[in-house]
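Undergrad: Just dropping this structure here.
Values quoted throughout were computed directly from the atomic coordinates according to the rules given, and no laboratory measurement underlies them. Just so we're clear, the structure is a prediction, and the values are computed from it rather than from any experiment. Reconstructed Cβ throughout: ideal geometry from the backbone, glycine too, with neighbour counts over all protein chains shown.
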Amino acid sequence: MLALVLDDSRAMRMILGRIMREAGFDVVEAGDGKEGLERVQTGPVPDVALVDWNMPVMNGLEFVTAVRSQPELRRMTLMMVTTESEHSQIVRALAAGAHEYVIKPFTADAIVDKLSLLGLVA
Amino acid sequence: MTLANAVVTAEQITAIAQDVWSSFLQLDLLPVENVPIEGSSVTGCVHVSGEWGGSIFLQCPAGHAQVAAEAMFAADPGSLAAEEISDALGELTNMIGGNIKSLLPAPSTLSIPSVATGDTYTVRVPGAVVIEHVALACGAGDLHISIWKV
Ligand SMILES: [Mg+2]
């Protein structure tokens with residue numbers, strides 16, 4: 001299983017990457033939505049993407065919207081992992097096609113529990 | 001108090017910072033006397049715009065920022081570049097700022113964090129005033145959090 005960790009903070013990518021590797025995933029990273037989109041369009045399609053909201057160039061909501069507009073990326077599960085916790089924004093992300101929503105700060109268990117709910121880990 | 005004037009309390013800010021510091025850095029923050037941070041320090045900032053306008057600042061001694069970054073990167077002491085320490089402090093500011101924003105009048109948006117480092121610098125938000133200031137500390141040093149309202 002392949003995971004894309006999409007966050008503009010290298011420290012956060014490292015933390016999320018570590019959690020995903022420990023959960024059995026191979027991990028690729030990108031630092032903004034545009035770079036993430038290029039990655040999933042040119043490389044293997046990840047099984048899941050952990051998507052930050054607040055990023056330069058292309059934010060997480062724009063990334064989710066772009067991914068959902070492309071049929072060949074349909075099987076990719078999208079999980080927002082963000083500090084954005086306004087109710088109206090969570091509704092927007094889910095309406096745009098995100099499957100799950102985790103608010104920072106999170107615990108490793110919270111991420112793994114969501115992956116389990118999505119059927120991505122046993 | 002009307003919603004537009006509602007502000008977060010020192011207790012709420014403290015709880016958010018304690019949550020971030022304990023879950024990501026395994027460090028326990030406790031309230032301390034508010035004494036200005038001397039010497040080299042790191043300041044992270046995010047701006048909020050929308051129904052509420054203002055900025056959220058985090059300031060800590062350079063040594064505290066280094067320990068925090070080493071915890072996030074799982075790095076050996078002294079092994080990180082200045083850019084990596086700024087990245088970590090920026091993300092900690094983003095997390096604390098985002099959680100504080102959730103207590104402020106909505107809708108509003110949060111900026112990308114910016115980080116300043118050095119011995120002598122002054123950070124100001126033109127036209128804004130400090131409406132809350134919290135001084136905390138853990139084994140790695142002090143952490144000051146301030147809320148500025150435009
Ligand atoms: Mg971000």
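Undergrad: Where does chain B land at 222 nm, in deg cm²/dmol rounded to the nearest 500, when only DSSP H runs of n ≥ 4 count, each adding -39500 (n - 2.57), divided by all residues?
TA: Helix contribution divided over all residues of chain B: -10500 deg cm²/dmol.
Undergrad: With no solvent and one point per C-alpha, what does the Debye sum give as log10 I(q)/I(0) for chain B at q = 0.13, 0.17 Å⁻¹?
TA: -0.54, -0.93
Undergrad: Going by C-beta contacts inside 10 Å, put A:GLU35, B:GLU33, A:GLU84, A:GLU22 in order with the fewest on the left.
TA: B:GLU33, A:GLU22, A:GLU35, A:GLU84
Undergrad: I'd like to know which of B:THR43, B:LEU27, B:HIS64 lies farthest towards the positive end of the charge dipole of region B:10-149, counting +1 on Cβ of Lys and Arg and -1 on Cβ of Asp and Glu.
TA: Value computed over the given set: B:THR43.
Undergrad: Hey, fewest Cβ within 10 Å first, where do A:ASP52, B:ASP76, A:ASP26 land in order?
TA: B:ASP76, A:ASP26, A:ASP52
Undergrad: If one computes the Cα centroid of region B:82-150 and of region A:65-122, what distance in Å separates the two points?
TA: Using only Cα atoms to place each centre, the spacing works out to 26 Å.
Undergrad: In deg cm²/dmol, rounded to 500, what helix-only [θ] at 222 nm does chain A give when every DSSP H run of at least 4 residues adds -39500 (n - 2.57) and the total is split over its residues?
TA: Computed mean residue ellipticity for chain A: -12500 deg cm²/dmol.
Undergrad: Two-decimal Rg/Rh of region A:56-122 from alpha-carbon positions, Kirkwood Rh?
TA: 0.97
Undergrad: Right, here's the next one. Report relative contact order for chain A in percent, whole number only (criteria: Cα-Cα under 8 Å, sequence separation at least 6).
TA: About 22 percent, as a whole number.
Undergrad: Oh, and also: On full extension of the chain, what length is gained from A:GLU35 through A:LEU118, given 0.36 nm per residue of separation minus the C-alpha to C-alpha distance?
TA: Taking A:GLU35 through A:LEU118 to full extension adds about 27.4 nm, to one decimal.
Undergrad: Normalized C-alpha radius of gyration of region A:2-117, against 2.2 N^0.38 Å?
TA: With N residues counted in region A:2-117, Rg over 2.2 N^0.38 Å equals 0.94.
Undergrad: Taking the beta-carbon count within 10 Å as an exposure proxy, list A:SER69, B:SER23 from fewest neighbours to most.
TA: A:SER69, B:SER23
Undergrad: How high is the relative contact order of chain B, in percent, with contacts defined as C-alpha pairs under 8 Å that are six or more residues apart?
TA: 35 percent
Undergrad: Which whole-angstrom value gives the distance between the alpha carbon centres of region B:47-80 and region B:12-29?
TA: Result: 12 Å between the Cα centres.
Undergrad: OK, next. Excluding B:GLY39 itself, what net charge comes from residues whose Cβ is under 12 Å from its Cβ, given Lys and Arg +1 and Asp and Glu -1?
TA: Charge balance near B:GLY39 sits at -3.
Undergrad: Ok, one more. Suppose R0 equals 22 Å. What FRET efficiency, 1/(1 + (r/R0)^6) with r the Cβ-Cβ distance, do B:GLU33 and B:SER114 give to the nearest 0.05?
TA: Efficiency for this residue pair is about 0.20.
Undergrad: Here's another thing I want to ask about it. Can you check what the net charge comes to around A:LEU16, using other residues whose Cβ is under 13 Å from the Cβ of A:LEU16 (Lys, Arg +1; Asp, Glu -1)?
TA: 0
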